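Okay, structure first, notes after.
The values are calculated or read from the model by the stated rules, or taken from the named source; none is laboratory data. All values reported here derive from a predicted model rather than from experimental measurement. Don't worry about glycine lacking a Cβ; one is built from the backbone with ideal geometry, like all the others, and counts go over all protein chains shown.
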Amino acid sequence: MEEKKQSGSFLTDLFKWKMEEKELQNQIENYDTLGFFRSARKVATALMIFSAIITLIFAMVGWFSFEIWIDVVLILILAFFVYKGKGWAMIITMIYWTFSKGLQLVNSFSTENFSGGNIIMPVIWWALFMGVFWQAYQVEKARSSTKRFSMIYCRKCGAKIESDSKFCIRCGEKIISDS
């Protein structure tokens, strides 16, 4: 009997750290064409921008001090490089996020308004974001370690095809090797 694997929802997928091999391959093969909520790097970027916006709102309401703008600028700069697929930016983001949430956790024990929510929320935010950051990093690491075939273009229809292909995947034209 064939075992069917049920795909989770977008929200439950956010809490997964390990990416299945099939999904990793899909992320690599469709790197530039995956939709915003299917691409690991795009989801990581969206969460970073969301975090920056929420931080700004909290600063405007008075829950955070306005010195937090430095964090917002840093997050947005890193978000740009994460979107561009830079592995180093993903590593710095994971280090920064761990440091930031760890500091929040330590500070929650010393506040006058001590509550369980002050302890639980940084842990939940850390786990949620780190899972997404880690998946995006896995994709970039796999992309850089995978020897990609050089791309050529079909002479008939102009489609991008791998250099070892014998026929164009779009129009079926036979590929003539230049070598």
Subject >> Positions within the stretch 29-48 being part of a helix (DSSP H, G or I) and more than 22 Å from Ile92 (Cα to Cα), in sequence order >> reply: Glu29
**OP:** Go through Thr55, Thr12 for me and flag whichever is among the hydroxyl-bearing types (Ser, Thr, Tyr), surrounded by fewer than 16 Cβ atoms within 10 Å (Cβ to Cβ), modelled with pLDDT under 90 and assigned to a helix (DSSP H, G or I).
**Re:** Thr12
